[in-house]
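Data first, discussion second: the structure below is written as structure tokens.
The values are calculated or read from the model by the stated rules, or taken from the named source; none is laboratory data. Small disclaimer: the values here were computed from a predicted structure and weren't measured. Neighbour counts run over all protein chains shown; Cβ positions are idealised from the backbone, glycine included.
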Amino acid sequence: MKPLREYEIAFVGLKPGVHSFQYEVDDSFFDNYEGPRDFSNVKATINLSLDKKSSFFMLKFEIGGTATVTCDRCGEPFELQLWDDFHHVVKLVDNPEEMAESEEDPDVSYISRTESHLNVSDLIYEFIHLSIPMQHIHPDTADGKSGCNPKVIEMLERMNQQAKEKDNPIWKGLDKFKDN
Ligand SMILES: [Zn+2]
């Protein structure tokens, strides 16, 4: 993948202290990555604050916006609200690869002191993925009912009920009786 220039922060020219950046991400951003994704129609806003210290940066990513996912219960798409914060520390060192190998904290990464730019696209990619829950279920409606398609739920319940009746030995017995 070629580096996404718009996500490069030229940190050398930044004064020590907090700086703010904002990024808008849609589906085309994910086309730069090969990994699978089970969401689409992304409209995400990333507010990044970068606190520049002498030998490291403290980053805070606030992910907001929406993405469309498929409900695990009723199989219909719905719009998910993205709402999450992530912290990350980037340390400036002489030997970033070596340091990264022995680093166990996923919230810490390294770049060389000789670098002039920090590219945050991989972090944004990762944090959008992390802000989408593994399980996608329609949120409840305002009156506390399931937000799922009621027709699909009714059908699933009927199929469940039928499966139970088939397994129930009382019904099996009656079936036998009926055959005679
Ligand atoms: Zn649903």
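In table form, for the structure just shown:
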item: Residue that is farthest from the ligand (Cβ to nearest atom) [pool: residues in the stretch 39-97 that are of a type in the set (Gly, Ala, Ser) and surrounded by fewer than 16 Cβ atoms within 10 Å (Cβ to Cβ)]; result: Ser54
item: Scan of the stretch 31-46 for residues that are of a type outside the set (Gly, Ala, Ser) and not in a loop (DSSP other than H, G, I, E, B), ordered by number; result: Asn41, Val42, Lys43, Thr45, Ile46
item: Failed criterion for Asp105 (all others in (1) loosely packed, with under 13 Cβ neighbours inside 10 Å; (2) under 25 Å from Thr45 (Cβ atoms) hold); result: (2)
item: Filter result for the condition that a residue is part of a helix (DSSP H, G or I) and either touching a residue at least 24 places away in the same chain (Cβ under 8 Å) or over 26 Å from Lys91 (Cα atoms) (or both), over Ser49, Ser20, Ser54, Ser28; result: Ser28
item: Residues being free of Cβ contacts under 8 Å to residues at least 60 places away in the same chain and either within 18 Å of His87 (Cβ to Cβ) or not assigned by TED's automatic domain parsing to the domain that holds Tyr33 (or both) - total across the stretch 104-138; result: 11
item: Members of the stretch 123-152 that are in a helix (DSSP H, G or I), touching a strand residue (DSSP E or B) at 6+ places or on another chain (Cβ under 7 Å) and within 11 Å of the ligand (Cβ to nearest atom); result: none
item: Search result, residues across the stretch 106-122 that are over 19 Å from the mean Cα position of the chain (by Cα), closer than 18 Å to Met58 by Cβ and in a loop (DSSP other than H, G, I, E, B); result: Arg113, Glu115
